[in-house]
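These notes concern the structure reproduced below.
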């Protein structure tokens with residue numbers, strides 16, 4: 001995977017999360033439509049992200065079973081997480 005592929009994957013993940021958010025604006029939805037039409041790879045990676053998103057809905061809800069999962073916010077932003085992950089590889 002090259003840098004361009006990594007960037008597309010990152011953008012697809014962003015759009016997948018953003019479009020699921022109730023605060024996503026009509027302008028953002030239009031920007032997504034433009035983004036997905038620019039390159040066939042965008043649609044492909046976005047479809048893969050949606051598949052993962054849908055599969056994650058099938059995972060059992062462990063929050064009721066584990067008191068250790070009380071955090072309602074991430075300890076860092078998605079971008080920080082990606083940077084930290086990239087630094088480890």
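Things to note:
- The packing ranking, built from the mean of other Cβ atoms within 10 Å per residue, places the peptides 40-46, 23-29, 11-17 in the order 11-17, 40-46, 23-29, highest first.
- For region 1-59, the square roots of the Cα gyration tensor eigenvalues, ordered a ≥ b ≥ c, give a/c of at least 1.5 with a/b no greater than b/c, which places it in the oblate category.
Computed from the coordinates by the stated procedures, all read-outs in this text should not be read as laboratory data. Nothing here was measured: the structure is a model prediction, and the numbers come from that model. Don't worry about glycine lacking a Cβ; one is built from the backbone with ideal geometry, like all the others, and counts go over all protein chains shown.
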